[in-house]
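Following: one structure in structure tokens, then a few remarks.
The values are calculated or read from the model by the stated rules, or taken from the named source; none is laboratory data. Keep in mind that what you see is a predicted model, and the values were worked out from it rather than measured. A quick note on method: Cβ atoms are made from the backbone with ideal geometry, for glycine too, and the neighbour counts reach across all protein chains shown.
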Amino acid sequence: MNKKKNASLKYKLSGIFSAMLILSLTAATIIRPKGSISYQENRNLADFPKLTFSSIFNGSFINSLSDYSKDQFAFRSKFLNLNADMSFYNGERVVNDVYITNNMLLNAKKREKISEWSSASKINDFSSNCDSAVYVIAAPSSDGVYADKLPKHLTSYTQKSMIDDFYSELDNNIKRIDAYNVLKMLNENYIYYRNDSKWTSYGAYCVYRTAIQKLGFIPIAYDKYTIEHVTSDFKGDLYNKSQYSTVEPDILDIYYDVDGSSVMKVSAYDKSCISHDVSLYNRQFAKTNYPYRIYPSESNEIIKINTNVKNDKKLLIIKDSYANCFIPFLIQHYSQIAVVPENFDSRAYSDIIDLSQYGQVLFLINADRLSQTNCLSVINKEG
């Protein structure tokens, strides 16, 4: 009889504790200051929805309220960390499309074979309409180079095959630069971030050594650089998605050739085509939630980098974020480098970017981005 009473008491106490915990978390959620940004996930949080008759009848108010409640829940980030840790310890390696290894996070989305490469068609059209020599780097992501760490069912169509298919769609006059095999051969080195899908500055340097020779120059030797560790606490896009906190944070580096050429001026252009002077590196972001923004052009503006190189050679780079830590290696070789995001509108910026001034154009874009139909969506449109 006493055992039954003890068991009953335990159930009651457990129920009381659970109710108190739920009430406490609910109260904390209600009274806590509401934020608009999740710095841990590097994204905007849902706003409280507007209550209207239409939103009630079509169900959008309830759905939006649910999103708002989940985003503003007290101690949400701690629960996300705990959930990711528990999933890994319970043998579940995939959390929110991120594959967790002991020392690295990798994208876990399965790739499908691309039947039509619209980005290749746009680059072909671009090349046929300009006199510049056109070069392309389809940048692999970390899970492409480290595909052997992933389960077989996620790699039935590899990123290597994707890049080969993309390159095969380019016209013969376009110069293809192989980044995948360069990085694959060096995959025992710190060439990719542990918490982000992009290559490190050292990975970018390894690709630069090959690319710059294709562009007609001799690469700067590695021992010529002085390397500054800007931060050792970088957690990137894969951490933001998975919230798995056990993998060691990453290091962001800046490479200097102290005996080489210097940057004389960096101009950034906003959407109104108004220019303002900026620094090559945005150091104000070093201590923020996303310090990768220290690198050139992470703000997604058009920039022009003028150096004291005396060769009158100019390069136009059309890029995504993989190019940002790659760009500084090029300043030893060109008098001017113009950098534009891959979705820039050539109609709106025709007064800033005159293609006839650039003898070479380099497309440097992640292979997965190139597979998307909206990549380079406005580059060949005419006003």
Legend entry - Leading residue by the ranking (surrounded by the most Cβ atoms within 10 Å (Cβ to Cβ)) among those in segment 143-190 that are among the charged types (D, E, K, R) and in contact with a strand residue (DSSP E or B) (Cβ under 7 Å, 6 or more places away or on another chain): D143
Inset, instruction - Return yes or no: is I317 β-branched (V, I, T), buried (at least 19 other Cβ atoms within 10 Å of the Cβ), in contact with a strand residue (DSSP E or B) (Cβ under 6 Å, 6 or more places away or on another chain) and modelled with pLDDT of 95 or more? - result: yes
Legend entry - Residues located in segment 345-374, provided they are surrounded by 21 or more Cβ atoms within 10 Å (Cβ to Cβ) and either hydrophobic (A, V, I, L, M, F, W, C) or more than 23 Å from I218 (Cα to Cα) (or both): V361, L362, F363, L364, I365, N366, A367, D368, L370, S371
Legend entry - Qualifying residues in segment 264-314 (those that are in contact (Cβ under 8 Å) with a residue 24 or more places away in the chain, over 19 Å from F344 (Cβ atoms) and among the charged types (D, E, K, R)) - the one surrounded by the fewest Cβ atoms within 10 Å (Cβ to Cβ): K310
Legend entry - Inter-residue pairs, beta-carbon under 6 Å, first closer than 23 Å to A211 by Cβ and in segment 113-135, second of a type in the set (D, E, K, R) and exposed (fewer than 15 other Cβ atoms within 10 Å of the Cβ), 6+ apart: N124/D171
Legend entry - Residues located in segment 313-344, provided they are more than 23 Å from P219 (Cα to Cα) and polar (S, T, N, Q): N343
Legend entry - Test: S335 is surrounded by 20 or more Cβ atoms within 10 Å (Cβ to Cβ) and either at pLDDT 95 or above or in contact with a helix residue (DSSP H, G or I) (Cβ under 7 Å, 6 or more places away or on another chain) (or both): no
Inset, instruction - Report the residue count in segment 121-144 for those that are of a type outside the set (D, E, K, R), more than 30 Å from Y99 (Cβ to Cβ) and part of a helix (DSSP H, G or I). - result: 6
